[in-house]
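Report on one structure; see the data block that follows.
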Amino acid sequence: MTLLTDVPTNMNPYPVDKAGNTKNLYVSTRNADSIDIINSETMLRTNSINLSHKPRSAEAYNESLGVVIVAGADKPMSSIIDPNTNKVVATAGENTLTVPSLDYGGTLSSGHPFWFTDRKFAVIDRENRSISLWKIVGNRSSGFSTEFLNKVKTPTSVHSFVGIKNEASRTYYAIAEGSPDNGIPPMLLEIKIDQEEIFINRAQSLYGNPEKMGSHHADLHPDGRHIYVGSTQGYMYVINRDNMGIVNIIKTGLGSAHTTFIPKRNLAIVTNHKDTFVTIINTETHKNIKNITVSTEQEKGQILQSHTSFVDADENYFYSFATDNGTFYELDLKLLDISRTLHTGGTPKQGVFVSIPPVFTHIMNRDISIDIKPIQRTTGHPSSAFIGGDNTINAPTNMVWSSGPSSKFSTMLNDESGKQYEVYLVANVTLSGCQNVQINSAMTCEYAVANKLNISFDATLNTNIPVGTRLTGQFSLKRLQWPNMNTTNTEIHNFEVNWKVPPL
């Protein structure tokens, strides 16, 4: 493990979030009225986006509309950003400075952003103990605006929603943080959306002394029925969604918070922000297996363990930071022990794991056919897919989605005098033992797999280019696991073009 680089940002960077399907990372610099943009491929800071509030976090991406919500740190409001243009397209909430002080969870004005549906989203007001229901209207072509629909009062301030999307039942779950000064325990709230109404349907308080309790995070068990809710005093509460009853209370560590599930191994790893160890849980029995030390005692006044973690695709390793120590670590999920560490310095608290995709370069002076290897789909079936447009690098392509066995796209190339021509290409993927398909297809054919990428210059559409003209330039295609655009399993294919237009 190696530290590649440090990226300078504005003041007090905290969460780092992936900006949808783009190569942008959004850095919530909580002491600035803006968020920073980092290019995930070059790891360079490229720009900032001005906001009318300081940012709390920017993890709520709407795949249908292609926009991101950034929640406010100093105001109970949100900005909605188009990550393809890095422009604020709408805002929602109250443009008023607040400093919450009644409840557990600190002084940030908003909770984390959350989409209920493709059009409805939450704005959490921690000072006024409420969740507002908002609607976004419009689209990227005509522009966006927002409409306030309704709000619901909450027992205490709310930190975040559990990552559940249930459009059919319109049922969601949020964490009320608790209020030690007022003797109110933390709760799991079941939130219902009915047309333009939002209300609390049921609630389950966490057992214990409310004057010493607080909570800020919960995660859904892989079985879809149980929710794990951590508490600051060192317990994990397992709640059954069906009856909202507590089925078990697991002893963990102080500041028990995030739970990372390892479905293949029936394990869960609990981040204990205020303790030196993580807790390993058997997710079938909901019992503590062991605690693993990942940090020394606090020295710099920061949390001991970071908010962010990552598990590799084969579920062999868990990665996270011992924040106060400035140490990145790898935990072997078979041996249940630390396997590697890397001291980075600083106190990294919250980020995002992104892959640096392998890049393949091809020389293209005529029609080309290259060997490719199958990429595993999320379903486990081998397949291959290429995309163009915003997800390419260096020289974006203009992809035309074809209905036939090939995909057509164009790219700009230059002649020897520098004059630009739009050049059209046709591409398909060969499925071994089957047929050719569009390059943006993830289909399989009796378990046949893609083994060739074929790209040719379109003989019909390029007739306006003089015969004998030499054109140079490049274009790129990104290959990825389909249909998950946020996959870490990607490849970049660069094509260096030096083409002499042949006779018709």
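Things to note:
- Looking at the stretch 327-407, the strands (runs of 3 or more DSSP E) lying wholly inside it that each contain 2 or more residues that are over 23 Å from the mean Cα position of the chain (by Cα) and at pLDDT below 85 sit at 398-400.
- Failed item in (1) at pLDDT below 95; (2) closer than 24 Å to Tyr172 by Cα; (3) in a loop (DSSP other than H, G, I, E, B), with Tyr104 passing the rest: (1)
- Residue within the stretch 25-36 that is within 15 Å of the chain's Cα centre (by Cα) and among the hydroxyl-bearing types (Ser, Thr, Tyr) present: yes
- Any hit, the stretch 465-477, residues being modelled with pLDDT under 90 and either among the acidic types (Asp, Glu) or assigned to a loop (DSSP other than H, G, I, E, B) (or both): no
- Annotation note: Cβ proximity below 8 Å between a residue of the stretch 135-153 that is farther than 17 Å from Asp118 by Cβ and a residue that is of a type outside the set (Val, Ile, Thr) and surrounded by fewer than 16 Cβ atoms within 10 Å (Cβ to Cβ) (sequence gap 6+ or interchain) occurs for Asn150/Glu196; Asn150/Glu197; Val152/Phe199.
- Taken over the stretch 145-200, residues that are crowded, with 23+ Cβ neighbours inside 10 Å and among the acidic types (Asp, Glu) amount to 1.
- Strands (runs of 3 or more DSSP E) lying entirely in the stretch 177-237 (those with 1 or more residues that are free of Cβ contacts under 8 Å to residues at least 24 places away in the same chain and touching a Phe, Trp or Tyr at 6+ places or on another chain (Cβ under 9 Å)): 187-194
- Residues within the stretch 291-324 that are assigned to a strand (DSSP E or B) and closer than 14 Å to Asp275 by Cα, tallied: 5
- Of all residues making up the stretch 106-129, the number that are farther than 20 Å from Ser52 by Cα and either among the basic types (Lys, Arg) or in contact with a Ser or Thr (Cβ under 6 Å, 6 or more places away or on another chain) (or both): 4
- Inside the stretch 75-101, residues that are buried (at least 19 other Cβ atoms within 10 Å of the Cβ), in contact (Cβ under 8 Å) with a residue 60 or more places away in the chain and part of a loop (DSSP other than H, G, I, E, B) make up a count of 1.
- Residue within the stretch 336-358 that is under 26 Å from Ile249 (Cβ atoms), crowded, with 17+ Cβ neighbours inside 10 Å and either among the aliphatic types (A, V, I, L, M) or without any contact (Cβ under 8 Å) to a residue 40 or more places away in the chain (or both) present: no
- Selection within the stretch 243-269: residues that are free of Cβ contacts under 8 Å to residues at least 40 places away in the same chain and part of a loop (DSSP other than H, G, I, E, B). The member of this set that is surrounded by the most Cβ atoms within 10 Å (Cβ to Cβ) is Thr252.
The values are calculated or read from the model by the stated rules, or taken from the named source; none is laboratory data. Because the structure is predicted, anything quoted here is derived from the model rather than measured. Quick reminder, even Gly has a Cβ in these numbers, built from the backbone with ideal geometry, and neighbours come from all protein chains shown.
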